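What follows draws every value from the coordinates through simple rules; no lab data is involved. Remember, it's a predicted structure, so these values are computed and weren't measured experimentally. Positions of Cβ are backbone-derived with ideal geometry, glycine not excepted, and every protein chain shown enters the neighbour counts.
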């Protein structure tokens, strides 16, 4: 695929989003994080029309999840949605959420890791001491997905199905500044360097969202090499959508520029959510395994991610991430040992 210019992205946006896929999810359980707004909420609505046995609406608070459920029921008539709380900026919250999920769910066929933030150019650490976008967009979803692997694996085994782990990435991975950064890669610990206050200048934070989406894509690629064939991890590009994601760092000229882009070629959240649905139920399992999808087809990832430096970054950040997650939840070492091939 190579890198892409901003104009190429605009040209593709103007082609229009393919229609949403329809499927039958009878008997299946679907979980969507960040399902109270934007593409997560719209994806949850689409799933609701496919009659899943259970639809788990995961939001930062139970109240937000319950509000979403009321809207979903009003708009689709679906009555089996249930709320779950998850605060990705807190490893403790992630652990607690998964503990609850494993007690209340008997299976998990589709896991959508959609929740993400963009905090702008301000350095904001989480309660765990990580830069917020790095934890909420990358480390947190990775911990959440890995902790749910025993349930996902059990689903595949007991029901002879092929569950999917769907991670929302972005076409920003193709941008010219779409790299982890040679200086951070050269550091003893890349993730800690990326997260440090000294490293996180406004210039770095400007591309942090891009870096977090690269990490998402790498996570999916790595999972594909380590998971058994009966679980399919896939990342996706929802396109540039009108969304509340950028609200934290829009002001003055930047706000005007984003508004112009949204008016000129931005997709609605519903249109963007169609790509979550495609990644969750479309295509052929083995073609989507570890793939990056966009506009309902598989795309080769960026030149940088395929380069020697990109491959090194994938290996190094995976190793470091597991060390972080091992400390965050004592279940992780055993899960890695039992469910991921060495």
Exercise. Work out the P(r) tail for segment 55-138: percent of alpha carbon pairs separated by more than 19 Å, whole number.
Key: 46
Quiz prompt | Relative contact order %, the chain, counting alpha carbon pairs below 8 Å whose residues are six or more apart | solution = 22
Self-check item: Which of 33, 49 has the fewest Cβ neighbours within 10 Å, and the rest in rising order
Solution: 49, 33
Quiz prompt | Likely footprinting exposure, 336, 136, 32, fewest C-beta neighbours within 10 Å first | solution = 336, 136, 32
Quiz prompt | Mean separation of Cα contacts under 8 Å, 6 or more apart, over the residue count of segment 105-221: relative contact order % | solution = 38
Quiz item: In a Debye calculation with equal point scatterers on the alpha-carbon sites of segment 1-151 and no solvent, what is log10 I(q)/I(0) at q = 0.12, 0.19 Å⁻¹?
Solution: -0.58, -1.14
Quiz item: Label residue 22 and residue 127 with points 7 Å out from Cα along Cα→Cβ: what is the distance between them in nm?
Solution: 4.4
Quiz item: Just how far, in whole angstrom, is segment 50-65 from segment 268-317 if you go by their alpha carbon centroids?
Solution: 25
Self-check item: Structure-derived Cα extents along the principal axes in Å - corresponding label in (1) 60, 51, 38; (2) 48, 47, 37; (3) 73, 45, 34
Solution: (2)
Exercise. Could you check the simple spin-label distance between residue 157 and residue 80, using points 7 Å along Cα→Cβ, in nm with one decimal?
Key: 2.4
Quiz item: In which sequence would 89, 235, 307 go, from the one with the fewest C-beta neighbours within 10 Å to the one with the most?
Solution: 307, 89, 235
Exercise. Run the numbers on segment 1-143 and let me know its relative contact order in percent, using alpha-carbon pairs under 8 Å that are six or more apart.
Key: 22
